[in-house]
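Okay, so here's the structure we're looking at.
Every number in this text was worked out from the coordinates using simple rules, so none of it is lab data. As the structure is a computational prediction, the values presented were derived from the model and not from experiment. Counting neighbours? That spans all protein chains shown, and the Cβs are built from the backbone with ideal geometry, glycine included.
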Amino acid sequence: MLRAARLELRPLRADDTEDVVRLFAAPALSRYLAADLTDPERARAVVARGLAGTCPEGLGHWAFVLGDELVGLGHLWPSLELPGDVPEIGWYVGVAHQGRGLATEAAAALLDHGLNRLGLPAVWALVHECDAGSLALAAKLGLLDVGSGTHHGDVHRVLVALPGGAGPLHHVELWVPDLPRAEASIGWLLRALGWTEHQRWSRGASWKLGRTYVVVEDSADRRGGHDRTAAGLNHLALHAGSPGDVEALVAESAAHGWRLMFADRHPHAGGPEQYAAYLENADGFEVELVAERMPCPNG
Ligand SMILES: CC(C)(COP(=O)(O)OP(=O)(O)OC[C@H]1O[C@@H](n2cnc3c(N)ncnc32)[C@H](O)[C@@H]1OP(=O)(O)O)[C@@H](O)C(=O)NCCC(=O)NCCS
């Protein structure tokens, strides 16, 4: 049994079968699957297969239980599609319970179980390239998108979760002279890039993406304002998606307290090979929004 804040995740049982049939009666849950599980017989067969298979200790299928109701389903299961001994994670939350953070809770508990308790070297996820909900969930959980391939008869993103460990950036703390202004500019930008609010207190706030968070704080111990040309932090550089995504952010950024720097050389102020926007806010903080890919030479 795994516990999350509101959910219990317990191994799937044969007597869950009719609850699973009810869950999959909603067409939305099969929309990105190879099989239409609104058909009760197919849904029953999926449960039967899940219970019949043998798999390594600690892996399997889980029921997501809220109170005494089965509200979702998940698995950590040897991948039938991807190479190596790396298990695959999957998740489903009933339509009546979506949009409440339950998938986030459940999937985080499964990943914690797999990576931190079982000590798996990694966990795969295969997500249909049009499944915006599962892609958002994977990004929120910090899974890395490592490419795409044809799986289950259609194009899927291939994502991987890796265990924690020493090395990666834990957090960055910025001391700011005006918290509301920092929230309006830095907070807006981080949220626009998919970071979510993590902490809030009278003098500060933070936003988190994956396992990394950025703090802005108007500390009582702060002396003076920020000077990006003095020793210390010059700028934060953030992955910002495609060149089009960068331009959309730049277009909106002025309304959130940012000005475009090096406008005469934008978007190649960092060099001809790099597509990036440099923004500065009213308190002198600079961010660089880096595009992942150059635009096609022929437009
Ligand atoms: C994807 C799914 C699990 C999300 O369940 P949920 O309980 O609603 O998810 P959460 O509430 O935890 O939301 C997780 C994040 O995804 C985002 N999200 C959820 N559905 C979304 C959608 N349709 N489009 C864009 N983002 C979406 C949420 O906004 C949230 O991000 P935020 O906290 O930054 O706002 C659910 O829609 C589902 O079961 N879909 C079918 C699943 C499927 O096909 N699985 C097979 C692939 S493994």
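About the centre of its Cα atoms, the range 104-225 shows a dipole size close to 260 debye [charges on the beta carbon of Lys, Arg (+1) and Asp, Glu (-1) only; nearest 20 debye]. With the charge dipole of the range 9-61 set up from +1 on Lys and Arg Cβ and -1 on Asp and Glu Cβ about the Cα centre, the Cα lying farthest toward the positive end among the listed residues A26, A14, V47 is that of A26. The stretch between D245 and R31 holds 74.3 nm of extra length on full extension. This uses 0.36 nm per residue minus the Cα-Cα distance. On the beta carbon distance between R259 and R44, with R0 = 41 Å, the FRET formula returns roughly 0.10.
What the phi angles of the range 32-43 give under the Karplus curve with 6.51, -1.76 and 1.60, with θ = phi - 60°, is a coupling list of 10, 9, 5, 10, 8, 8, 5, 6, x, 5, 5, 4 Hz, glycine and proline written as x. With the simple model of a label 7 Å out from the Cα in the direction of the Cβ, R200 to T150 spans 4.8 nm. Placing unit charges on the Cβ atoms only, positive for Lys and Arg and negative for Asp and Glu, gives the range 2-161 a dipole magnitude near 260 debye about its Cα centre. Of A254, A230, A45, the residue with the greatest mean-square motion in the GNM of the chain, using alpha carbon springs below 10 Å, is A230. What fraction of the DSSP beta bridges in the range 2-161 is antiparallel, stated in percent and rounded to the nearest 5? That works out to approximately 95 percent antiparallel.
Cα centroids of the range 94-151 and the range 173-248: 26 Å apart.
Charges at C-beta only: +1 for Lys and Arg, -1 for Asp and Glu. How large is the resulting dipole of the chain about its Cα centre, in Debye rounded to 20? Mind dumping the intermediate values first?
Details: 25 positive and 38 negative charges, 79 e Å.
Using only the charged Cβ atoms, the result is roughly 380 debye.
Each pair of Cα atoms in the range 17-132 enters the Kirkwood radius, and Stokes-Einstein at 10 °C and 1.306 mPa s then converts it into a translational diffusion coefficient of 107 µm²/s.
Relative to its Kirkwood radius, the Cα radius of gyration of the chain gives an Rg/Rh of 1.03.
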